[in-house]
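Below: one structure, written as structure tokens.
Read the figures in this text as sums done on the coordinates, not as results from a lab. On a predicted model such as this, the values are computed, not experimentally measured, just so you know. Neighbour counts run over all protein chains shown; Cβ positions are idealised from the backbone, glycine included.
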Amino acid sequence: MAASATNLLGALPTGAVGNGSDNTASAQGAAVGGGIQNEALGADATIGGGAHNVASGTGAVVAGGGVRDGLWPPGAPSGNRASGQASAVSGGFNNLAGASYAVVGGGFSNNSTNDYATVGGGGNNIAGVRSSTVAGGFQNHALGLDSTVGGGYANTASGKESTVPGGYHNRATGDYSFAAGQAAVASAQGSMVFADSQAADFVSTTSNEFAIRAQNGVRMQTDVGIHLNALNRPLIVRDWDPFADWAPDGKANIGRWGLFMEPYTLVLGIPNTDIGPRSMEVAKYNPDGTREELFGMDNSGLMTVVGNLKLTSPTTGATLVELGEGLDYAEGFNVKSAKPAPGTVLVIDAQRPGRLAISQKPYDHTVAGIAAGAHGLGSAVRVGAGRFDCEVALAGRVYCNVDASYGAISPGDLLASVQYRYRVRAVQGGRSSAPTPAITLTAP
């Protein structure tokens, strides 16, 4: 089709208008393919079509778009403009590629106003600094050198090489910072801030920080665990009861509750008594959320253990000492014969030093103790438990087998050993001074 009579060619013979009306190609190599009131004013500039578009930069391109008269408020800018050298606007309306090599892909009222800046689409977006990028969304601003906003609404990346991937009202204002979610503010250099859907600002507190706001917790699924590399620094802390602002680097103003790496030492810490009583514990939890303490310690140094406390050998795993709920002190011994029943009277084995034997004669002055555990009464202290034939009560309160056939036994009676494992009431006036030393005996 022949060009419309209303189209205007420039003074140089290389300008060209293909079709449409009121189009202008006024510079060498400029071209307008068609449309209405388009102007290719820069050398080698091109407009493919559309309405009210202007390509004024050298080698600039407006592929199309713009708004025809009557489809946009009177007097409002409607066409696309590519004013920078080798700049481009692909389509949409009221978009500006206003610097060298700037690009706007489409959308409306987007401005790419610095060299190498890009706006992919959306509306009211600005890529205003060299090499900045806004991929899309609405009212997003990339205002830092090499900064990026991926999309979303009302986001700003103003720090050098900062990034906002999307979301709402996020601001990456620190250099090399990253902000994502809603109302995340990465204001410190190198900070990475992730915020959940709560409306309040969540702001970074220090440089090179990774900060997460997650009201309902953080869940990580990994087959190799979590690796921390904090050299002589806090590992995991709760920001409560903080260190002073003059504390060493890495501790100032953070909480004193947590896991700390000190030189060659891993520390589970709680605050000192300057802020009042504080405690920590190991507990078992019930399905209803209640807990039962197993081990506890407060900041005065008081330690509480619920249940038995066992110390074992680091080489053999054998029990060295066990503290329990009983009333006697027991040590482990090997016994000459088969393991004696609890409550049996034991004596020193003269033939095998270090071993014991079951009592075989009356009034034996070599009585060592009584086999512990009669009537289910455990020992309060067990030394060498599990390493020997028998645990022998040497002091405290312990049940003892007695024989009352020689006479009734009453509280306060002295008990003497008799043949084979029993004790009887000592006879008054005779050999009556052979009570078991250091043992309080309780008859079953």
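Summary of computed values
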read-out: Fully extended contour minus Cα-Cα distance, from Asn253 to Lys336, at 0.36 nm per residue; value: 23.3 nm
read-out: Nearest-0.05 FRET efficiency for Asp239 and Ala154, computed from C-beta distance (R0 35 Å); value: 0.75
read-out: Against the rule of thumb 2.2 N^0.38 Å, how large the Cα Rg of the range 65-195 comes out; value: 1.05
read-out: 10 Å Cβ shell holding at most 15 others, DSSP loop, chymotrypsin sites (Phe, Trp or Tyr not before Pro): longest site-free stretch of the chain; value: 1-245
read-out: Cα-only Debye scattering, the chain: base-10 log of I(q)/I(0) at q = 0.06, 0.07, 0.08 Å⁻¹; value: -0.57, -0.64, -0.72
read-out: Largest-first ellipsoid semi-axes for the range 165-230, taking √(5λ) over the Cα gyration tensor eigenvalues, angstrom; value: 21, 16, 9
read-out: Convex hull per residue volume in Å³, alpha carbons only, for the range 297-352; value: 158
read-out: FRET E, pair Ser405, Ala350, Förster distance 41 Å, beta-carbon r, rounded to 0.05; value: 0.90
read-out: Ile212-Ile270 FRET efficiency (beta carbon distance; Förster radius 25 Å; 0.05 resolution); value: 0.55
read-out: Approximate spin-label separation Thr222-Tyr285, in nm, with each point projected 7 Å along Cα-to-Cβ; value: 2.1
read-out: Sparse-neighbourhood loop sites, trypsin sites (Lys or Arg not before Pro) in the range 211-264 - DSSP loop, at most 15 other Cβ within 10 angstrom; value: Arg219
read-out: The chain, relative contact order [Cα under 8 Å, separation at least 6], %; value: 5
read-out: C-alpha center-to-center spacing [the range 112-185, the range 316-381] in angstrom; value: 80
read-out: Beta bridges per DSSP with both ends in the chain, % antiparallel, nearest 5; value: 40
read-out: Global form of the range 258-372, assessed from the alpha-carbon gyration tensor, a/c cut-off 1.5; value: prolate
